[in-house]
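Engineer: What follows is a structure written as structure tokens; I'll ask about it next.
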Amino acid sequence: MIDSSVSKIMTLKTEKNKSFPNDKIIIYDLIGKDSKKVLELFGKPVRIDQSEYDYEWWIYNEPIEKYCQIGIENGKVVTVFVMGDQIDITPFKIGGSVRSLQSIVDINEEVDFEVDQNLYQFELTEEELATVPLVRYKDFFAQIYIDQFSDKVSSIRFLDGKTLVKMRPYALIYRGKLLSSEELDRDLLSIVEKGKEQQIFDMTNVIRIRNGLTPVEWDQATADVAYSHSKEMHDEKYFSHVSPNHGDLTNRLLNGGVTFLAAGENIAARYVDAISVVEGWQNSEGHRTTLLHKEFTHLGVGVYGDYYTQNFIKAW
């Protein structure tokens, strides 16, 4: 769920990875391979973020044009996410037209498959078919995130069947055992949330650079304000830019000690992870305007449970 109101705009580095694979490497072929192969081809990740689906995200964000995340579970690659347009994912292409997809894969309303003798069928809505279709490719699956404003491929997530079932990103019918990820306690969830915040920050800058804008810088005080809003929405079971206790974005930022010339906010809830949130914001006109506001210089992101807040500011 993304807030239906227009996002508000109000007036008032890390260590580089050692190497990167050459253009002949098809990154999705890493699925099922040992994590040692990832290290051999990519070097050490810039950081490792825990997910809530039993795998760790190895993050490669330098250079930003080759942004990708590789999911490792028990030493094996189970998912690969590509947003950088300089990574070879032939026959797919980041920035490729939607029309070109039709000659590569079949896009259907239902996708059924078997895992360990359990039967699963995902059913996609018309909106999902238009914005994030699920397709079979080779012996795994691909979620293709489409930028509806440019009618181009924005990013692609490749994943195996078990990981897809654990995530459950679409309506699911099944026969047999429903695979689920391990339940995390609050301490572990907090670690997951911090990783999501950084991923949202990274992906926001990928999108800004893709659209010819200057990347934003991280601002911790603004992030603290965003986190407090996400936590309050979760705890008090509401969904709004206006807090019943702390007011609108301007009041919350000022009370948090943030000085700014302009500010904007995006909020979301009930998304499976950071990737789906950012792509959802990009496909909503009001949120996209906030993401691509050329005057914003800094960003703070706060995640609590499945509530997400990103606060942009133009610093003094």
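Values in this text are rule-based calculations from the coordinates and carry no lab data. These numbers come from a predicted model, not from an experiment. Cβ coordinates were reconstructed from backbone atoms using ideal geometry, including for glycine residues, and neighbour counts include every protein chain displayed.
Engineer: On a full-extension model of 0.36 nm per residue, what is the gain between Lys37 and Glu110, subtracting their alpha-carbon distance, rounded to one decimal in nm?
Structural biologist: Here the answer is 22.9 nm.
Engineer: Now a separate question. Based only on Cα atoms, what Rg/Rh ratio does the chain have, Rh being taken as Kirkwood's radius?
Structural biologist: My calculation of the ratio gives 0.96.
Engineer: Based only on other Cβ atoms within 10 Å, what is the fewest-to-most ordering of Ser284, Ser150?
Structural biologist: Ser150, Ser284
Engineer: Same structure, new question: Find the Cα radius of gyration of region 254-316, compare it with 2.2 N^0.38 Å by division, and give the number to two decimals.
Structural biologist: This ratio for region 254-316 stands at 1.14.
Engineer: Here's another thing I want to ask about it. Past 21 Å, Cα to Cα, is the threshold; run Lys37/Lys66; Lys44/Lys166; Lys76/Lys138 against it and keep the listed order.
Structural biologist: Those over the limit are Lys44/Lys166.
Engineer: While we're here: Please compute one quarter of the surface area of the Cα convex hull for region 75-118 and express it in square nanometres.
Structural biologist: If I average the Cα hull's projected area over directions, I get 5.2 nm².
Engineer: Fewest Cβ neighbours within 10 Å first, please rank Arg288, Arg186 accordingly.
Structural biologist: The order, fewest Cβ neighbours first, is Arg186, Arg288.
Engineer: Would you work out if region 135-224 is rounded, prolate or oblate? Take a ≥ b ≥ c from the square roots of the eigenvalues of the alpha-carbon gyration tensor; rounded if a/c is under 1.5, else prolate when a/b is larger than b/c, oblate otherwise.
Structural biologist: Note, shape of region 135-224 comes out oblate.
Engineer: Mind listing which trypsin sites (Lys or Arg not before Pro) in region 227-277 are in a DSSP loop and have 10 or fewer other Cβ atoms within 10 Å?
Structural biologist: Loop-located and lightly packed - Lys237.
Engineer: What is the order of Ile59, Ile26, Ile156, fewest Cβ neighbours within 10 Å to most?
Structural biologist: Ile26, Ile59, Ile156
Engineer: What is the spin-label model distance, in nm, from Glu285 to Leu261 if the labels are put 7 Å beyond Cα along the C-beta direction?
Structural biologist: 2.8
Engineer: Right, next: What does the C-alpha gyration tensor say about the overall shape of region 73-165? Classify as rounded when a/c is under 1.5, otherwise prolate if a/b is larger than b/c, or oblate.
Structural biologist: Since a/c reaches 1.5 but b/c is at least a/b, the shape of region 73-165 is classed as oblate.
Engineer: Taking every DSSP beta bridge that has both residues in the chain, what percent is antiparallel when rounded to the nearest 5?
Structural biologist: 95
Engineer: Give me a comma-separated list of calculated 3J(HN,Hα) values for region 159-174, in order, Karplus coefficients 6.51, -1.76, 1.60 applied at θ = phi - 60°, integers in Hz, x for any Gly or Pro.
Structural biologist: Computed from phi, the couplings for region 159-174 are 7, 7, x, 4, 5, 4, 5, 4, 6, 6, x, 9, 4, 10, 10, 9 Hz.
Engineer: On to the next question. Once amide H atoms are built 1.01 Å from N in the peptide plane, which residues 5 or more positions from His298, or in another chain, come under 5 Å H to H?
Structural biologist: Long-range HN contacts for His298: Glu217, Ile313, Ala315.
Engineer: Calculate the spin-label point distance for Ile173 paired with Trp218, positioning each point 7 Å from the Cα along the beta-carbon direction, and give it in nanometres.
Structural biologist: Taking the two extended label points, one gets 4.5 nm.
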